[in-house]
Amino acid sequence: MSTLNNTHWDRDSILTWLNDNVPQPRLQHILRVEKMAQALAKQHQLNEIQAAQAGLMHDLAKYFQPERLLRLARIHHLPIDPIDEANPHLLHAQVSAIVAQEEFGLSDPEIVSAISNHTLGQPQMSLLSCAVFIADSLEPGRGDRPNLNHARDISQQDLYHGVALVCDLTLKHLVKTQRLIHPRMVLTRNWAWLQTQS
């Protein structure tokens, strides 16, 4: 997005890195997340450039091997849950935030948090984090099913409600496929639903 090129932040260098480190289908997903996060930010009067930057960098560590994710998590003293140990891929969001800081000098704490929170969310996360969390799950490439379209429509009106619906969709899928559920996703889900009632 051209607006990013008007800042000190070098979008082209991120794209070059992504081209070298993620497959093309994933890069297309990342670009759709960037675009949707920026659109949600505009809709909800948030900082569009922050949203686009977080969207573009959210999956930097997506294709790191499990051993590398665990090693970087330990080096940087990230909390590692037993579910993370069993499925280190869940750490890719927080490790992506580390890569963004170390490779590209990202220092904006809101963008760092939005990258870190894009997979499992976090109770009390910012609206910017909510927008990126939603965009990751609901970008157009995720499908055209009625439940996804409903969540997209709701997200235009209320980001907290959108987060709650995304969590419910994710949790239903994990239960149906008999996968492990990270406790942070449950905490995020309950927190988001509480926000819709306040």
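The values are calculated or read from the model by the stated rules, or taken from the named source; none is laboratory data. It should be emphasised that the depicted structure is a prediction, and the values quoted were computed from it without experimental measurement. All Cβ positions, even for glycine, are placed from backbone atoms using ideal geometry, and neighbour counts span all protein chains on display.
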State whether one or more residues within the stretch 71-82 are crowded, with 17+ Cβ neighbours inside 10 Å and of a type in the set (Gly, Ala, Ser). yes
Being under 11 Å from Ala54 (Cβ atoms), out of contact with any strand residue (DSSP E or B) (no Cβ under 7 Å at 6 or more places or on another chain), free of Cβ contacts under 8 Å to residues at least 24 places away in the same chain and β-branched (Val, Ile, Thr): is that true of Val132 here? no
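Determine which member of the set Ile14, Ile30 is hydrophobic (A, V, I, L, M, F, W, C), out of contact with any Ser or Thr (no Cβ under 9 Å at 6 or more places or on another chain), closer than 13 Å to Leu106 by Cβ and modelled with pLDDT of 95 or more. Please lay out each step first, then the result.
Working: Ile30 fails: closer than 13 Å to Leu106 by Cβ.
None of the others qualify; the one that does is Ile14.
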Output the number of the condition that Val175 fails; it satisfies all remaining conditions of (1) out of contact with any His (no Cβ under 8 Å at 6 or more places or on another chain); (2) not in a helix (DSSP H, G or I). (2)
Condition set among the basic types (Lys, Arg) and part of a helix (DSSP H, G or I), scope the stretch 33-62, selection nearest to Gly105 (Cα to Cα): answer is Lys35
Output the residues belonging to the stretch 93-110 that are under 18 Å from Gly121 (Cα atoms) and surrounded by fewer than 14 Cβ atoms within 10 Å (Cβ to Cβ). Pro109
With Leu159, Leu90 as the choices, which residue is modelled with pLDDT of 95 or more, crowded, with 17+ Cβ neighbours inside 10 Å and more than 24 Å from Asn47 (Cα to Cα)? Leu90
Condition first: under 15 Å from the mean Cα position of the chain (by Cα), of a type in the set (Asp, Glu) and under 24 Å from Ala131 (Cα atoms). Can you find one or more residues in the stretch 58-78 that meet it? yes
When you look at Gln65, is it over 25 Å from Leu159 (Cα atoms), exposed (fewer than 15 other Cβ atoms within 10 Å of the Cβ), polar (S, T, N, Q) and free of Cβ contacts under 8 Å to residues at least 12 places away in the same chain, yes or no? yes
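A quick yes/no check of all residues on (1) of a type in the set (Gly, Ala, Ser); (2) under 25 Å from Asn149 (Cα atoms); (3) in contact with a Cys (Cβ under 9 Å, 6 or more places away or on another chain):
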| position | (1), (2), (3) |
| --- | --- |
| Leu27 | no, yes, no |
| Val33 | no, yes, no |
| Ala39 | yes, yes, no |
| His77 | no, no, no |
| Ile98 | no, no, no |
Which ones in the stretch 68-98 are free of Cβ contacts under 8 Å to residues at least 40 places away in the same chain, part of a helix (DSSP H, G or I) and among the β-branched types (Val, Ile, Thr)? Ile75, Val95, Ile98
Among the residues of the stretch 102-144, the number that are touching a Ser or Thr at 6+ places or on another chain (Cβ under 7 Å), under 12 Å from Val166 (Cβ atoms) and β-branched (Val, Ile, Thr) is 1
Within the stretch 99-124, track down each residue that is part of a loop (DSSP other than H, G, I, E, B) and aliphatic (A, V, I, L, M). Leu106, Leu120
From Arg152, Arg145, grab the single residue that is over 22 Å from Ile83 (Cβ atoms) and loosely packed, with under 13 Cβ neighbours inside 10 Å. Arg145
